[in-house]
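Undergrad: The structure follows.
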């Protein structure tokens, strides 16, 4: 079976966003090109890691021979997208694997996302690992360096906008309270 590839080359919009309230949010990597939108559900940690790795790639390019790709040091305000994800969100797949690279021929950051494969037994997992099957779907996202820097900035802000941390134990505090495991607390 051929892999269904959701390809967004120079997308009109690409964001990390959420649906739901803090503590029960679902994170999405969402890309739109023209009228076609792809939404990949992901864990908060994936979003944070992707932003960090994009910044690492861009920072590395900045120090190369005169910054020949014109990588901005910080996100350009006009490129940061603060709007919510496009609704209704129709999840194409849940993220299971992610790769990041830089295409020097086009000056674009390339993100490839592949679905999570759920297995019911260790035997099935071992069989799949040995076979290394083609994924059913994939997202291939190519974005210019300015867009990538703005994407990473927004992703960091979305990740940080969750529940506040308890000053004693560091765990998230829900709006209706928090049972702190630290001694001598609430």
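Read-outs: derived from the displayed coordinates by stated rules, not from any lab. Quick caveat: nothing in here was measured; it's all calculated off a predicted structure. All Cβ positions, glycine included, derive from the backbone under ideal geometry; neighbour counts span all protein chains shown.
Undergrad: Which Rg and Dmax, in Å, describe the Cα atoms of region 4-160?
TA: Over region 4-160's Cα set, Rg and Dmax evaluate to 16.3, 52 Å.
Undergrad: Using alpha carbons only, how many angstrom separate the centre of region 93-114 from the centre of region 10-60?
TA: Between the Cα centre of region 93-114 and that of region 10-60, the gap is 12 Å.
Undergrad: Which percentage, to the nearest 5, of the DSSP beta bridges contained in the chain is antiparallel?
TA: 75 percent
Undergrad: Can you give the calculated 222 nm mean residue ellipticity of the chain, where each DSSP H run of n ≥ 4 adds -39,500 (n - 2.57) and the sum is split over every residue, rounded to the nearest 500 deg cm²/dmol? Mind dumping the intermediate values first?
TA: Values: 3 runs with 45 residues, N = 186.
After summing the helix terms and dividing by the residues of the chain, the value is -8000 deg cm²/dmol.
Undergrad: If you don't mind, another one. What is the list of residues in region 1-35 whose amide nitrogen lies under 15 Å from a point 7 angstrom out from the Cα of residue 134, following Cα to Cβ?
TA: Counting only backbone N, you get 1-6.
Undergrad: Which value in nm describes the separation of the simple spin-label points at residue 79 and residue 9, placed 7 Å from the Cα toward the beta carbon?
TA: Rounded to a tenth, the inter-label distance reads 2.0 nm.
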